[in-house]
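The values are calculated or read from the model by the stated rules, or taken from the named source; none is laboratory data. This one's a predicted model, so the numbers in the text were calculated from it and none came from an experiment. Every residue, glycine among them, receives a Cβ derived from its backbone with ideal geometry; neighbour counts consider all protein chains shown. For accessibility, only protein heavy atoms count, side chains too; no ligands or nucleic acids. Shrake-Rupley method; radii C 1.70, N 1.55, O 1.52, S 1.80 Å.
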Amino acid sequence: MASNDNQLTWLITGSSAGLGKILAARALEAGHKVIGTCRSRKKSRAALEPLMGKGLEVIELDTSAQQVEIEANVKKALSIYGKIDILVNNAGYAALGPLERFTDEEVLKQLRTNTLGPLHVAQAVLPNMRSRKSGMIVNVSSYVGMRGDAANGVYAISKFGLEAWSESLSKEVAEFGISVLVAEFGAFRTGFLNTNAFVRAPKDVISGYEGSTAEKAYAGILQADEKQPGDPEKGVDHLFQVIMAGGFLGGRKIFRLPIGADAVEIIGDKVQSVQRDLQVAKVLEESDSTAL
Ligand SMILES: NC(=O)c1ccc[n+]([C@@H]2O[C@H](COP(=O)([O-])OP(=O)(O)OC[C@H]3O[C@@H](n4cnc5c(N)ncnc54)[C@H](OP(=O)(O)O)[C@@H]3O)[C@@H](O)[C@H]2O)c1
């Protein structure tokens, strides 16, 4: 580990693969103390051992678990170095397909993993950050946290929810010296669309949707695996730089960080479509003498 006067302590969920693993490696390389999580040490041993050789501490954490279990695991993480400066809620997966096909259980699992679990991790870390009047919570979202599209509605519920509580929390904890950053990744070449994604055989998902927008969108998602435009090393490096700058980019403190040209474009489209609706509402409100 390189020597570092500004050594920080990180907790990164889902550090056994993909973006979380790359971020853990990046932070270790810069001389920070890093605690990573995986659901099963046994399953992730081969993936994690090289980073453990560089100082990574590992705890088991399933973000779809109940709050008490998550709290107990975060306590273990806190006991390792006595503090967490930067929490990165990264663990997650996508449940994909037309909304009509999802069971209650499948939707709840997606919400527990991507939305509520990260909230419970943050709740368990916050007393430590508040007592020290310092800390940063980074929630890994997606452009799908800003715009829902056909065949990603359940994933969109989870990421919109993550962004919703991130916004509220940022307003609650700023006065305690804690900042919240939402990283909105575009499509990056990780195992995201194969290892953990929840996808069913297209024939089970598509019956009744043949030739529809949802069918085409679902087929497009399934075919995108390993062809995503984003280089995960570059995307994570950008996020790392913004975190190390305390959430500042181009001299301005930001809350949302779109990462990747596709994320910038899609979020821009979303903002424009909201602006168009607002404009119509504004014109009607101004022209109607019986305004609401
Ligand atoms: N790659 C993209 O294109 C992309 C785009 C936008 C947003 N994102 C977001 O980026 C984050 C990381 O995704 P990735 O691309 O790195 O995917 P990945 O390669 O599939 O890695 C996902 C990580 O999350 C963990 N995980 C999955 N389900 C979990 C659960 N129930 N509890 C705890 N950990 C769980 C996995 O760890 P274990 O299996 O060891 O538990 C793994 O380390 C996710 O939140 C994802 O939504 C990714």
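Is it true that Val58 is in contact with a strand residue (DSSP E or B) (Cβ under 7 Å, 6 or more places away or on another chain), modelled with pLDDT of 95 or more and either crowded, with 21+ Cβ neighbours inside 10 Å or part of a helix (DSSP H, G or I) (or both)? Yes.
Residues that are under 18 Å from Glu106 (Cβ atoms) and in a helix (DSSP H, G or I) within the range 131-161 comprise Val144, Gly153, Val154, Tyr155, Ala156, Ile157, Ser158, Lys159, Phe160, Gly161, listed in sequence order. Please work out which residue is nearest to the ligand (Cβ to nearest atom), limiting yourself to the range 39-55 and to residues that are crowded, with 19+ Cβ neighbours inside 10 Å and under 23 Å from Gln7 (Cα atoms). Taking the candidates together, the pick is Leu48.
Conditions (1) open to solvent by 40 Å² or more (accessible area, probe 1.4 Å); (2) more than 16 Å from the ligand (Cβ to nearest atom); (3) over 23 Å from Gln110 (Cβ atoms), marked per residue:
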residue: Val182; (1), (2), (3): no, no, no
residue: Gly186; (1), (2), (3): no, no, no
residue: Arg189; (1), (2), (3): yes, no, no
residue: Asn196; (1), (2), (3): yes, no, no
residue: Ile206; (1), (2), (3): no, yes, no
residue: Gln228; (1), (2), (3): no, no, no
residue: Asp231; (1), (2), (3): yes, no, yes
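Does at least one position in the range 261-281 carry a residue that is of a type in the set (Asp, Glu), more than 20 Å from the chain's Cα centre (by Cα) and either within 24 Å of Ser168 (Cβ to Cβ) or surrounded by 10 or more Cβ atoms within 10 Å (Cβ to Cβ) (or both)? Yes: the range 261-281 contains one or more residues that are of a type in the set (Asp, Glu), more than 20 Å from the chain's Cα centre (by Cα) and either within 24 Å of Ser168 (Cβ to Cβ) or surrounded by 10 or more Cβ atoms within 10 Å (Cβ to Cβ) (or both). Mind checking whether some residue in the range 207-217 is among the aliphatic types (A, V, I, L, M) and under 25 Å from Lys75 (Cα atoms)? No, because not a single residue in the range 207-217 is among the aliphatic types (A, V, I, L, M) and under 25 Å from Lys75 (Cα atoms). Scan the range 142-155 for residues that are of a type in the set (A, V, I, L, M, F, W, C) and farther than 14 Å from Phe185 by Cβ and the total you get is 3.
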